[in-house]
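Computed from the coordinates by the stated procedures, all read-outs in this text should not be read as laboratory data. Here the structure is a predicted model, which is why all the values come from computation and not from measurement. With ideal geometry, Cβ positions are generated from the backbone for all residues, glycine too; neighbour counts draw on all protein chains shown.
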Amino acid sequence: MTQLPFSQACENNQRPILAVLTHKLADSLHLLEVGSGTGQHATFFASHLPHLTWQASDQHCNLHHINCRIKHFKLPNLPAAVVLDIGNTWTEQHYDAVFTSNTLHIISKQLVEAFFAGVGLITSTNANLLIYGPFNYQKQYTSDSNANFDLWLKDRDPHSGIRDIEWIVELAKAQQFELVEDVSMPANNRLLHFIKR
Ligand SMILES: C[S@@+](CC[C@H](N)C(=O)[O-])C[C@H]1O[C@@H](n2cnc3c(N)ncnc32)[C@H](O)[C@@H]1O
């Protein structure tokens with residue numbers, strides 16, 4: 001376990017996120033997490049939300065370490081992570097909830113569009129979609145730290161960058177998802193809650 005990838009950000013944000021998820025996911029049973037990263041969120045949230053099955057996923061290159069972490073925790077509601085590349089064919093499995101954290105600013109705009117198209121395919125009416133991360137409002141950064149973060153992201157990959165919330169809401173709407181709450185989170189992040197109508 002000590003040799004597995006570790007994210008301090010996950011450690012810092014998991015409790016504030018859990019406080020929101022506990023309420024939002026009270027009636028959900030099958031959740032897909034897109035871009036599970038280290039798997040820390042999957043193990044933490046699955047252990048605190050035992051009423052739902054938490055299906056972790058990521059690109060193939062991340063699966064091994066995510067599954068090492070998942071195996072270590074031995075949680076009945078946390079199956080092995082599956083490969084899900086946002087730009088490829090999505091799983092045929094249906095879910096009543098989807099969660100993703102800190103992914104939409106890492107991937108390209110085309111992949112953000114593919115993310116919403118994929119979420120639209122695997123969900124039905126009343127599904128919850130929860131998206132955690134930083135967003136811009138009316139093309140403005142919400143803090144200097146987010147502006148610096150965006151510069152850092154674009155320096156690394158010019159296709160990445162903090163997304164405009166208005167665009168995200170529009171993409172969600174095209175898949176029948178309505179923004180029902182935009183929760184302010186620590187460190188200038190947001191937790192967007194959409195419901196499929
Ligand atoms: C900044 S990390 C966030 C990880 C984790 N969700 C968290 O909050 O710590 C971005 C994640 O997006 C994933 N990712 C990047 N491109 C992807 C793609 N095309 N399909 C699926 N996941 C992707 C990465 O593998 C990584 O796990």
Requested in this report: Taking a cut-off of 18 Å between Cα atoms, list the aspartates and glutamates near LYS154, but don't count ones fewer than 8 places away on the same chain.
Outcome: ASP144, ASP164
Query raised in the report: Would you list ILE17, ILE131 from fewest to most Cβ contacts within 10 Å?
Result: ILE17, ILE131
Requested in this report: Enter the Cα centre distance for the pair segment 85-119 and segment 127-184, rounded to the nearest angstrom.
Outcome: 14
Query - Cα-only radius of gyration and Dmax that characterise the chain, units Å - result: 15.8, 44
Report task. Please give the calculated 222 nm ellipticity per residue for the chain, where each DSSP H segment of at least 4 residues contributes -39500 (n - 2.57) and the sum is spread over every residue; nearest 500 deg cm²/dmol? Result -> -12000 deg cm²/dmol
Requested in this report: Would you work out the charge dipole size for the chain about its Cα centre, treating the Cβ of every Lys and Arg as +1 and the Cβ of every Asp and Glu as -1, and quote it to the nearest 20 debye?
Outcome: 340
Query raised in the report: Sorting TYR132, TYR141 on the 10 Å Cβ count, fewest up front, what's the list?
Result: TYR141, TYR132
**Report entry** Contour minus Cα-Cα distance for PHE73 and SER143 (0.36 nm per residue)
**Finding:** 21.5 nm
Report summary line: Karplus-derived 3J(HN,Hα) from phi for segment 74-87 (6.51 cos²θ - 1.76 cosθ + 1.60, θ = phi - 60°), whole Hz, x at Gly and Pro, runs 6, 9, x, 9, 10, x, 4, 5, 10, 6, 9, 9, 3, x
Query - Amide H contacts of PHE99 (H built 1.01 Å from N, under 5 Å, at least 5 apart or other chain) - result: LEU32, GLU33, VAL34, LEU130
Query raised in the report: So which lysines pass the test for LYS173, namely a Cα distance under 26 Å, with those fewer than 8 places away in the same chain ruled out?
Result: LYS24, LYS109, LYS139, LYS196
Requested in this report: Determine, for TRP167, TRP152, TRP54, TRP90, the number of other Cβ atoms within 10 Å of each Cβ, and report the residues in order from fewest to most.
Outcome: TRP152, TRP167, TRP90, TRP54
Report task. In whole Å, largest first, what are the principal axis extents of the Cα atoms in segment 142-197? Result -> 38, 25, 13
Query - Cleavage-rule hits (trypsin sites (Lys or Arg not before Pro)) in segment 62-123: DSSP loop, at most 12 neighbouring Cβ within 10 angstrom - result: LYS74
**Report entry** Selected from ALA187, ALA81, ALA172 as most flexible by GNM, with the chain as the system and alpha-carbon contacts under 10 Å
**Finding:** ALA187
